[in-house]
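The structure under discussion appears below in the form of structure tokens.
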Amino acid sequence: MFAGMDEPTYRRSHFLPRTRDGKIAIGAFLALFLLAMPPVTHAVLNRIEPTVLGVPFLYVALLAIYCSLIGVLVWALRRGV
């Protein structure tokens, strides 16, 4: 064979989480992201009448979901995932 290429090396995909914290981060991010998608937002969160400080419930719920998504990313960054 060629010099330095005696055995092929197989690298794991960087798309798959390698650690327990990575699996937790992926699971939490996907679960929260699913809450921001149309089936949930149209069926569950689409409420105009209940307001929070004058803001419709949908906007408050989406703000909480998006802030949680950012929180998961910051947590993963601090953990070194």
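Using +1 on the beta carbon of Lys and Arg, -1 on that of Asp and Glu, and nothing else charged, what's the dipole of the chain about the Cα centre, debye to 20?
180
What list of ³J(HN,Hα) values in whole Hz, one per residue of the stretch 54-66 in order, does the Karplus curve 6.51 cos²θ - 1.76 cosθ + 1.60 (θ = phi - 60°) give from phi, with Gly and Pro shown as x?
x, 9, x, 4, 4, 5, 5, 5, 5, 4, 5, 5, 5
Between residue 16 and residue 31, with labels modelled 7 Å along Cα→Cβ, what's the label distance in nm to one decimal, could you check?
2.3
Which order do the peptides 52-60, 21-29 come out in when sorted by mean C-beta neighbours inside 10 angstrom, highest first?
Going from most to least packed, we get 21-29, 52-60.
Listing 9, 51 from the residue with the fewest other Cβ atoms within 10 Å to the one with the most, what is the order?
9, 51
How high is the relative contact order of the chain? Use alpha-carbon pairs under 8 Å, at least six apart in sequence, and give a whole percent.
Once normalised by length, the contact order is 33 percent.
How about the stretch 34-81: which trypsin sites (Lys or Arg not before Pro) there lie in a loop by DSSP and see at most 15 other Cβ atoms within 10 Å?
Here the sparse-neighbourhood loop sites are 47.
Can you give me the Cα centroid spacing of the stretch 14-44 and the stretch 66-81 in angstrom?
Taking the Cα centre of the stretch 66-81 as reference, the centre of the stretch 14-44 is 12 Å away.
Stretched out fully, how many nm does the piece from residue 9 to residue 79 gain, at 0.36 nm a residue minus the Cα gap?
The span from residue 9 to residue 79 would gain 22.4 nm if fully extended.
Just checking my list (i) 16, 29, 25, 18, 11, 2; (ii) 22, 53, 22, 4; (iii) 16, 31, 22, 16, 8, 5, 3, 0 against P(r) over Cα pairs in 10 Å bins from 0, in percent computed from this structure; which label fits?
(iii)
Using the Karplus curve 6.51 cos²θ - 1.76 cosθ + 1.60 with θ = phi - 60°, what ³J(HN,Hα) values do you get for each residue of the stretch 20-26, in whole Hz, with x for Gly and Pro?
These are the phi-based 3J(HN,Hα) values: 5, 5, x, 5, 5, 5, 5 Hz.
Computed from the coordinates by the stated procedures, all read-outs in this text should not be read as laboratory data. Source: prediction; values computed, not measured. Every residue, glycine as well, gets a Cβ built from its backbone with ideal geometry; the counts of neighbours run over all protein chains shown.
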